[in-house]
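Peer 1: The structure is given below, and queries will be raised subsequently.
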Amino acid sequence: MSPPTTAPPRRLPLLVTADGGLLDDLLRLAAAGGTEVELAADPAAARARWLPAPLVLIGHDQAQACLRARLPRRPRTVLVGRTGEINPGWEIAELLGAEHVAALPAAEPWLVDRFTEYGADAEPRRPARTVAVLGGRGGAGASVFASGLAVTAARARLRTLLVDADPLGGGLDLVLGWEELDGLRWPALSDADGRVDAPALVRALPSRGDLVVLSWDRGDLLALPAPAMAAALDAARRGRDFVVADVPRQLDDAAVVALQAADQAYLVVPAELRAAAAAARVVTAAAPHCAALGVIVRGPAPGRLKAVEVARALGLPLAGTLRPEPALCRGLERGEAPAAGGRGPLAMLCRRLVGELTGLPVVGAA
């Protein structure tokens, strides 16, 4: 007779606190997040469950004790307490290796989201695949290509964020035909710093289906601080499946942050001699910040310059080519998002690239 099988132990969020009132609050929030929790009154009781737990909340009353106990640093650790008891809290949180300080009651919605995300047997989400796109020269079509990638990923049921990192680009909401949609644009988020709550960011931005866009508006030109870009991309990598950043050719600090965060970057270059020469300068500036950089060559080629020749001249791998697509240009003027119909050269290229980046099959038009 075969031995009975034993189910693996459930992995639950761990609460470390001896404060009865705080514990009642956290149990209520865990129930709202749909999960049970494990309890430990002090670091000694927490030690065996410290590393396996998907989420650890340290009550303000046990912060010093946890510090003295020299528990190992681990991800997804939160220092939690009530406003007035815990503020500022960041100094001891840093010593503990905690990623967040949650002050109740203001942080209650955020904690409910964390309990939902890391509840019973839940595994942390794999960070989103992040792509950066930039043009080899002005008018190269980088914004249209970036938008096409994002639209294609969303059509594949990937939760997607399209980030407009070019303050001079006119706004990616216009490329999508979304200029009338409600939601925040960059000027309202330019003061963001530190960690941004991913669900709250998504709820605040213009969206349709699985696609969300963080765009510029048509107001006064503002500089985008690098910390704001870093905070937005960090939230996106935690809360989305696929992120596309449209990056300007003239790199500012925020654009460098976007390039450094990308798993893959694409340089869009028209098949023209002068465009290739201009793109060489962009490669020199961008390549040091890219984990991987490939070139997309866009036709037509007036001088019959071949895509492989452009890639060879730039010293980059050829990631793909784009044939002329008059219907795409007409659709953009009518407010139709690039690749929305799933047909044409742009949609075909985007499907292939999204599939390569995610390892998932991406089907074409229905």
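Throughout, read-outs are computed from the coordinates displayed, never taken from laboratory work. A quick note: this is a predicted structure, and the numbers were derived from the prediction, not measured. Heads up, the Cβs are rebuilt from the backbone with ideal geometry, glycines too, and the neighbour counts pull from every protein chain shown.
Peer 1: Where Lys and Arg each count +1 and Asp and Glu each count -1, what net charge lies around Ser143 among other residues with Cβ under 12 Å from its Cβ?
Peer 2: -3
Peer 1: Given the rule -39500 (n - 2.57) for each run of at least 4 DSSP H residues, summed and divided by the residues of the chain, what is its mean residue ellipticity at 222 nm, to the nearest 500 deg cm²/dmol?
Peer 2: One gets -11000 deg cm²/dmol as the mean residue ellipticity at 222 nm.
Peer 1: From a point 7 Å beyond the Cα of Arg343 in the direction of its Cβ, which residues of the range 288-323 have a backbone N at a distance under 19 Å?
Peer 2: 323
Peer 1: What nm distance separates the two modelled labels at Arg304 and Leu95, each placed 7 Å from Cα along Cα→Cβ?
Peer 2: Rounded to a tenth, the inter-label distance reads 7.4 nm.
Peer 1: Cut-off 10 angstrom, C-alpha nodes, Gaussian network model of the chain. Which of Val78, Val310, Val243 fluctuates the most?
Peer 2: Val78
Peer 1: So, by mean Cβ neighbours within 10 angstrom, what's the order for 325-338, 157-170 with the highest one leading?
Peer 2: For the peptides 325-338, 157-170, the packing ranking is 157-170, 325-338.
Peer 1: May I ask you to evaluate 6.51 cos²θ - 1.76 cosθ + 1.60, the Karplus curve with θ = phi - 60°, for each residue of the range 130-141 and list the ³J(HN,Hα) values in order in whole Hz, giving x for glycine and proline?
Peer 2: Result, ordered by residue: 10, 10, 10, 10, 9, x, x, 7, x, x, 6, x Hz.
Peer 1: Sorted from largest to smallest, which semi-axis lengths in Å does the alpha carbon gyration tensor of the chain give for its equivalent ellipsoid, taking the root of 5 times each eigenvalue?
Peer 2: Those come to 45, 22, 19 Å.
Peer 1: Sort the following peptides by mean Cβ neighbour count (other Cβ atoms within 10 Å, averaged over residues), highest first: 348-356, 272-280.
Peer 2: The packing order, highest mean first, is 348-356, 272-280.
Peer 1: Ranking request for peptides 283-289, 172-178, 66-72, 15-21: highest mean number of other beta-carbon atoms within 10 Å first, then the rest in descending order.
Peer 2: Peptide ranking by packing, descending: 172-178, 15-21, 283-289, 66-72.
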